[in-house]
Amino acid sequence: MKSLAIIPARSGSKGLKDKNIKLLHGRPMLAYTVEAAKKAGIFDAVHVSTDSEAYRKIAEQYGAEVPFLRSGALASDTAVTWDMVRWTLEQYRTLGKRFDRVALLQPTSPLRDERDILAAHQMMEEKGAGAVVSVCEMEHSPLWSNVLPKDGNMKGFIREELLRQRQGLPVYYRLNGAVYMVEETLLWQEPMELYGEKTYAYIMPKERSVDIDDEFDFAMAETMISRKGK
């Protein structure tokens, strides 16, 4: 079985400019994911998918391969990630390379490390899964949330039965964007059912689940990396 790691790193980020190569604790952010994928030792290729020649040079400097650049249409704000994954597989086929399994590893999860990748891989093997997706426990239960009317009135904001039942509420999990491991055949199904009965959740610790989207997330990641170094 041959496995491919794809690290998506387009250059058009608006929320945090050039976040995929922004220096995080002295290193380009995507370098952390390239390193984790290579340390896992389970991939036949670690590919950075980018539309930028500058990003390509940085990715190759840290040991990733970038034999082709992503097309402009697949690097837009409206592009679908899984379309990019399928396109990438097709490009590798033209190079004579085929893969049975794909791991999508977003560079915005720099605290995810090789332990998480290997744990997801082991779960795929043990469960005969079609896909494994990483999640983490939610910081607060969504049951304590609600919408607000325009005037901000909080009448009925929390259901009365919840106020009486503070203990024993179910644990909720959220996608953390760190690991998506998928059998290649699943990618070509119509429709692609990523969250079907053959998909399993890999539960990651919250301290490795920071997903960087803005300056606050970035500062949080820097703090966590600094603490880890100490």
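Check Ala31 against each of (1) under 20 Å from Met84 (Cα atoms); (2) within 16 Å of the chain's Cα centre (by Cα); (3) not hydroxyl-bearing (Ser, Thr, Tyr) and name the one condition it does not meet.
Going through the list (1) under 20 Å from Met84 (Cα atoms); (2) within 16 Å of the chain's Cα centre (by Cα); (3) not hydroxyl-bearing (Ser, Thr, Tyr), Ala31 breaks only (1).
Just name the residue that is nearest to Phe43 (Cα to Cα) out of those in segment 114-149 that are among the hydrophobic types (A, V, I, L, M, F, W, C) and open to solvent by 50 Å² or more (accessible area, probe 1.4 Å).
The residue in question is Leu118.
Would you please name the residue that is surrounded by the most Cβ atoms within 10 Å (Cβ to Cβ), looking only at residues in segment 189-216 that are assigned to a loop (DSSP other than H, G, I, E, B) and in contact with a helix residue (DSSP H, G or I) (Cβ under 7 Å, 6 or more places away or on another chain)?
Across segment 189-216, the extreme among qualifying residues is Ile212.
Report, by residue number, each residue of segment 165-188 that is open to solvent by 30 Å² or more (accessible area, probe 1.4 Å), touching a strand residue (DSSP E or B) at 6+ places or on another chain (Cβ under 8 Å) and among the aliphatic types (A, V, I, L, M).
Result: Val171, Leu175.
List the residue pairs whose Cβ atoms are under 6 Å apart, where the first residue sits in segment 81-110 and is surrounded by fewer than 16 Cβ atoms within 10 Å (Cβ to Cβ), the second is part of a loop (DSSP other than H, G, I, E, B) and at pLDDT below 95, and the two are 6 or more positions apart or on different chains.
From segment 81-110, the pairs are Asp100/Met1.
Restricted to segment 41-63, and to residues that are open to solvent by 10 Å² or more (accessible area, probe 1.4 Å) and of a type in the set (Gly, Ala, Ser), which residue is farthest from the chain's Cα centre (by Cα)?
Ala54
Would you be able to tell me the number of residues in segment 75-122 that are closer than 14 Å to Asn176 by Cβ, assigned to a loop (DSSP other than H, G, I, E, B) and among the aliphatic types (A, V, I, L, M)?
2
Test each condition in (1) closer than 17 Å to Met123 by Cβ; (2) assigned to a helix (DSSP H, G or I); (3) small (Gly, Ala, Ser) for Ala219 and report the one that comes out false.
It fails just one condition, (1).
With respect to Ala9, determine if the residue is surrounded by 22 or more Cβ atoms within 10 Å (Cβ to Cβ) and touching a residue at least 60 places away in the same chain (Cβ under 8 Å).
yes
Are any residues in segment 217-230 over 16 Å from Cys136 (Cβ atoms) and open to solvent by 30 Å² or more (accessible area, probe 1.4 Å), and if so, which ones?
Ala219, Glu222, Thr223, Ser226, Arg227, Lys228, Gly229, Lys230
Go through (1) open to solvent by less than 40 Å² (accessible area, probe 1.4 Å); (2) within 25 Å of the chain's Cα centre (by Cα) one by one and return the number of the condition Leu162 breaks.
(2)
Please give the number of the condition Lys17 fails out of (1) without any contact (Cβ under 8 Å) to a residue 24 or more places away in the chain; (2) crowded, with 16+ Cβ neighbours inside 10 Å; (3) part of a loop (DSSP other than H, G, I, E, B).
(2)
The values are calculated or read from the model by the stated rules, or taken from the named source; none is laboratory data. Remember, it's a predicted structure, so these values are computed and weren't measured experimentally. Counting neighbours? That spans all protein chains shown, and the Cβs are built from the backbone with ideal geometry, glycine included. Ligands, DNA and RNA are stripped out before the accessible areas are found, and what is left, the full protein with its side chains, is counted by its heavy atoms. Shrake-Rupley method; radii C 1.70, N 1.55, O 1.52, S 1.80 Å.
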